[in-house]
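Working notes, structure below.
Derivation of every value follows stated rules applied to the coordinates shown; laboratory data play no part. All of these numbers come straight from a predicted model, not from anything done at the bench. When we count neighbours, we look across all protein chains shown, and the Cβ atoms used for this are built from the backbone with ideal geometry, even at glycine.
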Amino acid sequence: MSSPVLASDSALQARQERGQRAVFCGLTSIVWLHRKIQDAFFLVVGSRTCAHLLQSAAGVMIFAEPRFATAILQDKDLAGLADCNEELDRVVGQLVERRPDIKTVFLVGSCPSEVIKLDLGNAAQRLQRNHGGKVSFVDFTGSGIETTFTQGEDSCLQRLVADLPGDDRVEQLLVVGTLADIVEDQFKRLFDALGIPAVRFFPGRRAEELPPIGAGTRVLLAQPWLGDTSRALAERGARLLPAPYPLGAEGTLAWLRAAADAFGVNAARFDEVTSAPYQRAVKALAIHRERLAGQTVSLLPDSQMEIPLARFLAEECGMQLGEVGTPFLEQALMAQELARLPAGTELTEGQDLEPQLARLRAARPDLTVCGLGIANPLEAEGLRTKWSIELVFTPIQGFDQAADLAGLFTRPLAREQRLGGFQWS
Ligand code: SF4
């Protein structure tokens, strides 16, 4: 079902669709969250399907003890909630005994109906008491009933915000959203060079290290899927800095500028710090721009990165945008990106898969960014695709990654040209 409406705060039209969707569930977020938070364990309370999803998405670590698992509630357990709680206590007891390195256990809810009936919040409090407060227990949901897989991180961080200590006196920049360590280190160096006094990243590398939060906190979002988290932070007194996302040379420059302006960094200092890495990024992007300019790209709703990616591909790579779909259109989080999209960009919020695929087949863009599940059928129809999940798993933010990000889009097109007998030099 689809109805064209005006996206209220934007000059761009957004079609709203509700219908069949093809997306992964929020459990997928555990893949990047467990890599980031190194003293945490993610225990999914779910079914065998959840265990399979997690294992195939995250892979099996051979040399290290994994920091995620699924407490599978067998059919016999589903007969009674008391059994489920007992099973959960037993699994957690084993885990805490075997893994003294784990300081925080995330209990991750899933969508089987009996799991939904389990009160994981209560279970977390009970377990915290049972284990003498030596390990923290935090519950959140990764259920497939939510709309898209990146909501798992939003749900996790929103829940963590409740545990942050309050302090209105701390003047700090809080960068929110999981970033690869290498990217975090690059940004930290830039913020230090700008002279921004206190910079913290949330989530950090250790779940125990919770940043204080209050009226002196300015929040800079590093990921575009954190609507609930940013509202929870605002309720604790923090202020959200309006900015685009740090994708590409221009996106990163504007993102850093938002922080610099909020902390009164003067223009000369800002230029001095950013000009060399910005110029390097522009130069590295140029070769990709040559290859991408004029090519058409459509983005199907999957990760919630679609609007920032569309901005990057149009503004910095010269691509022509076809339909740009997003699972949600959060105006407050997207205003700066929407303002940079070309006039007339065709936006869709939500998904009704079949009509959307029909429009895609009619348009036949040179490249389609979409979920894993529909990429192969589209490839079989001769459409070139890029998996949106790859863009979430790969470090793509910041000046130093701008060319790598563009390279993710040149590769499928280069492959097609090679198959067609043409080789780029
Ligand atoms: S949470 Fe739901 S959608 Fe996700 S793997 Fe488990 S059963 Fe499937």
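Of all the numbered requirements in (1) surrounded by fewer than 16 Cβ atoms within 10 Å (Cβ to Cβ); (2) more than 30 Å from ALA258 (Cβ to Cβ); (3) small (Gly, Ala, Ser), GLY371 misses one, and that requirement is (1). In the stretch 96-123, of all residues being hydroxyl-bearing (Ser, Thr, Tyr) and surrounded by 14 or more Cβ atoms within 10 Å (Cβ to Cβ), the one that is nearest to the ligand (Cβ to nearest atom) corresponds to SER110. Listed by position, the strands (runs of 3 or more DSSP E) inside the stretch 118-230 whose residues that are over 24 Å from ARG35 (Cβ atoms) number at least 1 are 172-176, 217-221. Count, please, the residues in the stretch 87-117 that happen to be more than 27 Å from the chain's Cα centre (by Cα) and not in a helix (DSSP H, G or I). Result for the stretch 87-117: 2. If you go through the stretch 138-187 and keep only what is over 23 Å from THR326 (Cα atoms), within 16 Å of the ligand (Cβ to nearest atom) and not charged (D, E, K, R), you end up with just PHE140.
For beta carbons closer than 8 Å, sequence separation of 6+ or different chains, a first residue in the stretch 333-346 that is in contact (Cβ under 8 Å) with a residue 60 or more places away in the chain and under 15 Å from PRO224 (Cα atoms) and a second that is among the hydroxyl-bearing types (Ser, Thr, Tyr) and in a helix (DSSP H, G or I), the qualifying pairs are LEU333/SER230.
Yes or no, residue by residue, for (1) closer than 30 Å to PRO327 by Cβ; (2) touching a Ser or Thr at 6+ places or on another chain (Cβ under 6 Å); (3) surrounded by fewer than 21 Cβ atoms within 10 Å (Cβ to Cβ):
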{"site": "GLY214", "(1), (2), (3)": "no, no, yes"}
{"site": "TRP225", "(1), (2), (3)": "yes, yes, no"}
{"site": "ALA232", "(1), (2), (3)": "yes, no, yes"}
{"site": "TYR245", "(1), (2), (3)": "yes, no, no"}
